[in-house]
Amino acid sequence: MISSKEYESHSWELLVTVDHQHEEVQKEFLLQVTGDLHIGGLMLKLVEQIKISQDWSDYAFWWEQKKRWLLKTHWTLDKCGVQADAKLFFTTQHKMLRLRLPNMKTVRLKVSFSCVVFRAVSDICKILNIRRSEELSLVKQSEDTLKKKKKKDKNSKEPATEDILNLCNSPASSGLSGSPGLYSKTMTPTYDPISGTPASSTITWFSDSPLTEQNCSILAFSHPNCSPEMLAELYQPRTLADKAKLNAGWLDSSRSLMEQGILEDDQLLLRFKYYTFFDLNPKYDAVRINQIYEQARWAILLEEIDCTEEEMLIFAALQAYHVSKLSLSSEAQDFPCESEADEVEAALSNLEVALEGGNSSKTLEDITDIPKLADNLRLVRPKKLALKAIKQYWFVFRDTSISYFKNQECAQGEPIEKLNLKGCEVVPDVNVAAKKFGIKLLIPVADGMNEAYLRCENENQYAQWMAACVLASKGKTMADSSYHPEVHKILSFLKMKNWTAQAVSDPESTDMKPECFVSPRYTKKYKSKQLVTRILEAHQNVSQMTLVEAKLRFIQAWQSLPEFGLSYYIVRFKGSKKDDVLGVSYNRLIRIDIATGDPITTWRFSNMKQWNVNWEIRQVAIEFDQNVSIAFTCLSADCKIIHEYIGGYIFLSTRSKDQNETLDEDLFHKLTGGQE
């Protein structure tokens, strides 16, 4: 025990501002404290002085100068480093936040501003009924991407009123344990696998959930498409440097919203950050599938990812005339028979192995005798003095290598050349209407990439060789269980592209605005009537699909694009005098020439030994097998974003279906957090 004089000599005054709604009660309090007072005791002392009877359980201290929360209530002021010059803010941990979803709808809900973003996103996804929250994160739009929209807003006379879906009454968003809404870890189907409507057995849950049946429809279904005017207002990247701006705003998953300058009622974007869509299942994932579909749709419309004219028409046919019509019609509410459901599940199993997001359960199909392909193909080699040299050879695909010979009789001898495809880039070069089936191979060598083009005769040959090349680039052989699903996926995509110019219903009588379904590049190239006709022609091959299958086919087609899953950053490599673009994908890093867009070098995550960041000079250093090491500084974003991308993809590769959707959050932070 110490006397009051001794206490006063050791004590000091601390200014605390209280965030409450009672206007008649003061908000600033001077508390007499000592350094050995713990945070919990400071809370008690403050609440006694405030003299307002209310629930203070969600309140905590925010240290404004240090930009951090004081959440460890057993720590003393001395241990926290709080002194007399500190200004503490006693405020709620859960605050309102506006989130713009991939489908461009805005929801308003309560989110924890004190927990790390990784956990906050997990809570948000439970409210929205999106499984696998680790694939998503929050983005703060950069000033560059907002400039165009602000300019448009100034020109408009009437302010646009945004339709906001209010989910602020959610038990989960209030920080309380309540109903999980439609989020279910059980094997009870929560959605009809064809139409995406909530299964009848789950309708009764809606009364406890912020996701009423109507709200669920807003999130799980596509709605009438945007006007061409709205499309023109949105940011459209023109160059690789513009695309890099899109990835500069990802929030740090290891820090809280408040620590990153996010204020109450700010607007953020909720987006799929990692392109490894694991365990997609229409029985549980109607909202998730729709939001992935919407993110893909907008990426194509705004030309964030390049595609051919043929592919653009397929995307337009799927989204315009199919998903939009089925979403609005009563057909989507029809309950299908079992055989139809099985077909969709089969389509899903193909989708699951489209990326390395999960291990296939068909490991027993792997065989010890690795199969090979052998056939006549044409080889196209770019030459310096001539445009192209095209010649037919006898090709043999074995393991992860392609060898080619003058003819089949010479196949027992030494090949003319052997191409090792491990770590190469595989780019499709296809025009079904012109019967062109090409495979572009960019093969890594010591000083960059060697190019080779293979020309196939028909769809089946192309699908087999293309699938083999894709697997070989990942270090897998045709014995892998994902080979046959990959062939099937490629053939399905080619089949969608293979339409004939038949007589279609009168385009003028069709209520379609083609400008809403293709990117601006094609609206400038063709007249509206021409686009309607071509979209209707492309629609012939997808007209029999159910709603969910059409979305899954759209996602599959998106995954088939060469640029799929690449996030771009402008970097300066150590020892280089010019800037380059770094593409970060789920399984590799690609160095790209910023002027031409051509890949220079590829590094696979599977060959990576270690990576670290020198936080003083903000430089990322990575070591690979065979004594290959690279180092670079990031110019278009904080290097922590790239560091988190690499660690995040490695973390996601550890997932398995046996985990029952529980995640090792500590491992995620260990792989992504760094040691600042």
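Listing for the model above:
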item	result
Carbon and sulfur %, accessible surface of segment 374-472 computed with the full protein complex present, 1.4 Å	45 percent
Solvent exposure of segment 11-92 as accessible area per residue, Å², 1.4 Å probe	57 Å²
Simple label model, 7 Å out from Cα along Cβ direction - Ser142 to Glu64, nm	3.1 nm
Separation of the Met96 and Glu13 label points, Cα + 7 Å toward Cβ, nm	3.5 nm
Carbon/sulfur fraction of accessible area - segment 11-92, other protein chains in place, 1.4 Å, %	49 percent
Carbon plus sulfur fraction of accessible area for segment 567-673, probe 1.4 Å, in percent	45 percent
Extension gain (nm, one decimal) between Ser576 and Asp36, 0.36 nm per residue minus Cα-Cα	189.0 nm
Potential lengthening between Lys524 and Asp593 on full extension [0.36 nm per residue; Cα-Cα distance subtracted]	22.0 nm
Inter-label distance, nm, simple model (7 Å from Cα along the C-beta direction), Ala479/Gln83	6.8 nm
Rounded accessible area per residue of segment 567-673, 1.4 Å, Å²	46 Å²
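The values are calculated or read from the model by the stated rules, or taken from the named source; none is laboratory data. What you see is a predicted model; the values in this text were computed from it and never measured. Note: ideal-geometry Cβ built from the backbone for every residue, glycine included; neighbour counts use all protein chains shown. To get the accessible areas, we keep the full protein, side chains included, count just its heavy atoms, and leave off ligands, DNA and RNA. Shrake-Rupley method; radii C 1.70, N 1.55, O 1.52, S 1.80 Å.
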